[in-house]
Structure formats: C-alpha cells, structure tokens
C-alpha cells in the first residue's frame with residue numbers, strides 16, 4: 001500500500017470510531033442519527049482510498065451507493081423523529097426502551113397454565129350423615145356391625161336433620 | 001504525493017520505530033482524555049486550547065522546515081480539521097454545537113475526497129450532507145429550544161464502556177493496517193477488474209467523465225436499484241411522517 005492509501009484508511013477508521021462512540025454514548029435521537037452519518041462518511045472515505053489504490057472506478061461507484069443509502073436513511077430517520085416526537089414530546093431514546101422485545105419463556109415450560117379456582121356447585125339438601133360427625137368409627141369392620149350401631153346411626157341422623 | 005519526508009528523516013535519525021506503536025499510544029491517550037472529559041475531570045476549553053497550540057506548532061514546524069509540499073499540507077489540514085470536528089461533536093453537550101462539529105467534520109472529509117480526485121463524490125457529499133445538516137439544524141432548533149440543556153444531553157449512556165470499545169476497535173484497525181503494510185507487496189497487487197483506459201485516468205479532472213461512463217454502462221443495474229431505493233424511501237418517509245387523522249367513533 002502506498003502511504004497515501006494508508007493515511008486515508010487511518011483517517012476513515014478514526015471517523016468511523018468517532019461515529020461509533022457517539023452512537024454508543026449519545027442519548028438524543030438526532031445526535032445518534034448524526035453519529036450514524038459520520039460512520040457512513042468514514043466508510044465512504046475508505047472506498048475512495050481503495051479506488052485510488054486500484055486505479056478504477058469501483059470504489060467510487062460504491063461510495064455513490066453509500067451516499068444514496070445515507071440520503072434514504074436521512075429521510076426515513078427524520079420522519080421517524082417527527083412521529084416519535086409527536087407521541088412523547090422528548091428526544092430521549094431511553095423513553096422508548098420499552099419497545100424492545102420481552103424475554104420469551106423457556107421452551108421446556110408448558111404453555112398451558114392450569115388456573116385453580118374455586119367453583120360453587122349447586123347444593124341439594126344433605127342426605128345421610130356427615131362422616132366427620134358419624135358416631136361409627138371409620139375403621140369398623142362390616143363383620144362387627146351390630147343392631148346397636150344401626151340404632152346409634154339412626155339417632156345421629158335424626159339429630160343432625162332436626 | 002510525497003508523504004512525510006520530514007517524519008521519515010526524523011525516523012531515520014532515531015532508528016526504525018513502528019508507527020503503529022505511536023498510534024496505539026495516541027489512541028490510549030485519546031481514550032483517557034475523552035473519558036476524563038465525560039467525567040467532568042477536564043474542561044473542554046483546556047483541551048481545545050492544547051489542541052490548537054499543538055496543531056499550530058506542528059504547522060509552524062512544517063512551514064519552517066519547508067519539506068512538505070503544499071498539497072500534503074492541505075491534505076493534513078483537512079484531516080486534522082475533520083478529526084477536530086469529530087472530537088468536538090463527541091465532547092460538546094449542547095446539541096446545536098454538536099451539529100456544528102458534525103458539519104465541520106463532514107465538509108473537511110469532502111475536502112479530503114476532493115484531494116483524492118474524487119471530485120464528483122466530494123461535490124455530492126457536500127450537497128447531500130450539507131442539505132441534511134441544514135435540515136438537522138432546523139430540527140434541533142425546533143425540538144430543543146430550551147434555556148437549559150436537557151438531561152438526556154447532559155447524561156450519557158455508559159461512557160466508560162463506549163470509550164473502551166472505541167479504543168479497542170481503533171486499535172484493532174490500526175494493527176490490521178500495520179500487518180497489511182508488513183505483508184509482501186505481491187499479496188496486495190490486486191488486479192483490477194477493468195483497468196482504466198488511457199484517456200480517462202483517475203488523476204485528471206475529467207475523471208467524472210469516466211465515472212459517469214462506468215456508472216451508466218457497467219453499473220446500470222445498480223443505478224436502477226438505487227433509484228428504486230430512493231423512491232421507496234420517499235414513499236416510506238411520507239407514510240411515516242403523516243399525521244394520523246383522528247376518526248370520531
């Protein structure tokens with residue numbers, strides 16, 4: 001490489017880095033956009049340097065394309081700045097930080113969530129005996145069932161429904 | 001152009017010094033200076049005074065020794081002006097002064113392109129960027145017409161990490177430039193796809209003629225694509241910026 005090309009590449013790199021640091025640090029939308037334009041200018045200087053190095057027009061044609069894209073980007077960015085400013089009257093980019101993507105749930109987790117809710121069923125008039133108040137112990141074997149148990153059960157039912 | 005005969009002679013006296021080492025030191029000092037500027041440890045006026053004194057001293061040195069030719073001086077002056085504008089764009093807090101620094105950097109960059117005999121692109125850059133920058137000025141005046149600067153202009157997002165990232169990036173670029181310089185010249189002898197004809201060389205003022213011929217013969221499809229892109233951007237920007245009409249229910 002000739003020294004001229006090297007110096008131009010260095011200059012383009014410095015311009016690109018200045019634009020990058022500006023884009024990372026600035027919080028105003030307009031100044032971030034200007035930093036982006038400065039990065040594009042650095043790239044365009046690089047292309048011109050290589051066009052000069054190789055003695056043909058390919059780099060210059062590419063630089064014209066970069067210029068075109070920069071013009072399109074300027075138009076759309078200005079329109080977006082206007083419409084964003086209309087929503088919330090500020091140029092702060094942090095105001096719009098809630099536009100970013102919400103973290104998606106992990107895949108292993110089931111998508112269907114079972115919601116436990118208490119359901120009120122229609123109730124009828126209770127029949128029989130509530131087992132919690134039954135006088136018969138729950139571990140009573142059917143072979144030990146006597147007539148006295150029948151009578152005690154009947155009395156408890158009657159006293160419950162009374 | 002004959003670059004740096006002065007620096008070359010000085011280097012010959014000192015001995016062989018890798019220029020990328022000096023570039024790394026410059027990057028480190030610049031990163032430290034930028035970060036301390038953002039932390040408020042330095043005032044930007046003192047930095048500006050030091051920079052102006054250094055640049056003036058370098059210019060005097062170059063003029064006294066009378067070894068640099070005029071085009072090299074103009075080229076270096078444009079480079080310094082562009083980088084100074086970029087640093088002002090980074091460090092100044094008022095948005096309108098930042099826009100002024102941006103305009104300085106871009107116009108000086110166009111001057112550099114003009115010296116590289118890319119006259120059409122220099123003119124187009126001036127037209128596009130100057131127009132865009134003037135509209136940007138209008139926007140800044142319209143949106144931020146306050147007495148005190150806003151908090152989002154004063155407080156930056158993570159200047160420490162941004163400084164480190166920028167310094168590392170620039171260091172890697174300089175290192176790769178150095179390795180490209182060290183590579184054998186045969187590796188860099190790229191055969192151009194279509195070498196220029198004799199009547200339109202890049203160094204003549206009529207290089208615009210060759211550029212136009214190349215654009216509208218070889219790269220005609222690219223030009224069409226670019227035109228389509230411009231049309232789509234026009235329609236899109238009109239659609240985005242349109243004021244939404246309130247529909248009464």
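The values are calculated or read from the model by the stated rules, or taken from the named source; none is laboratory data. Here the structure is a predicted model, which means the values were calculated and not measured. Please note: Cβ atoms are built from the backbone with ideal geometry, for glycine as well, and neighbour counts cover all protein chains shown.
Can you pull out the residues in the stretch B:205-218 that are more than 9 Å from chain A (Cβ to nearest Cβ) and closer than 19 Å to residue B:123 by Cβ?
B:205, B:206, B:208, B:209, B:212, B:216 - these are the residues of the stretch B:205-218 that are more than 9 Å from chain A (Cβ to nearest Cβ) and closer than 19 Å to residue B:123 by Cβ.
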Neighbours by Cβ (under 6 Å, 6+ apart or cross-chain): first from the stretch A:10-22, more than 7 Å from every other protein chain (Cβ to nearest Cβ); second in a helix (DSSP H, G or I): A:12/A:42; A:12/A:45; A:12/A:46; A:16/A:39; A:16/A:42; A:19/A:35; A:19/A:38; A:19/A:39
Condition check for residue B:221: under 28 Å from residue A:29 (Cβ atoms), more than 8 Å from chain A (Cβ to nearest Cβ) and at pLDDT 70 or above: no
Extreme residue, nearest to the other protein chains (Cβ to nearest Cβ), among residues of the stretch B:67-111 that are in contact with a helix residue (DSSP H, G or I) (Cβ under 6 Å, 6 or more places away or on another chain) and in contact (Cβ under 8 Å) with a residue 60 or more places away in the chain: B:75
Test: residue A:40 is at pLDDT 90 or above, farther than 30 Å from residue B:116 by Cα and part of a helix (DSSP H, G or I): no
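Does residue A:124 count as in a loop (DSSP other than H, G, I, E, B) and modelled with pLDDT of 75 or more?
Against the criterion (in a loop (DSSP other than H, G, I, E, B) and modelled with pLDDT of 75 or more), residue A:124 qualifies.
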Unmet requirement for residue A:77, which otherwise passes all of (1) more than 8 Å from every other protein chain (Cβ to nearest Cβ); (2) under 15 Å from residue B:89 (Cα atoms); (3) crowded, with 20+ Cβ neighbours inside 10 Å: (2)
Pairs where the first residue, in the stretch A:139-161, is in contact (Cβ under 8 Å) with a residue 40 or more places away in the chain and the second is assigned to a helix (DSSP H, G or I) and surrounded by 10 or more Cβ atoms within 10 Å (Cβ to Cβ), C-beta under 9 Å, 6+ apart: none
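The rows are residues; the columns are (1) buried (at least 18 other Cβ atoms within 10 Å of the Cβ); (2) farther than 28 Å from residue B:210 by Cα.
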{"site": "A:16", "(1), (2)": "yes, yes"}
{"site": "A:31", "(1), (2)": "yes, yes"}
{"site": "A:42", "(1), (2)": "yes, no"}
{"site": "A:51", "(1), (2)": "yes, no"}
{"site": "A:95", "(1), (2)": "no, yes"}
{"site": "A:98", "(1), (2)": "no, yes"}
The stretch B:157-182, residues that are at pLDDT below 80 and at the interface with another protein chain (Cβ under 9 Å from one of its Cβ atoms): B:157, B:180, B:181
Qualifying residue in the stretch A:53-74 (condition: within 27 Å of residue B:155 (Cβ to Cβ) and buried (at least 20 other Cβ atoms within 10 Å of the Cβ)): yes
Residue in the stretch B:40-61 that is over 23 Å from residue B:169 (Cα atoms), part of a loop (DSSP other than H, G, I, E, B) and at pLDDT 80 or above present: no
Condition check for residue A:47: within 7 Å of another protein chain (Cβ to nearest Cβ), over 37 Å from the mean Cα position of the chain (by Cα) and closer than 22 Å to residue B:71 by Cβ: no
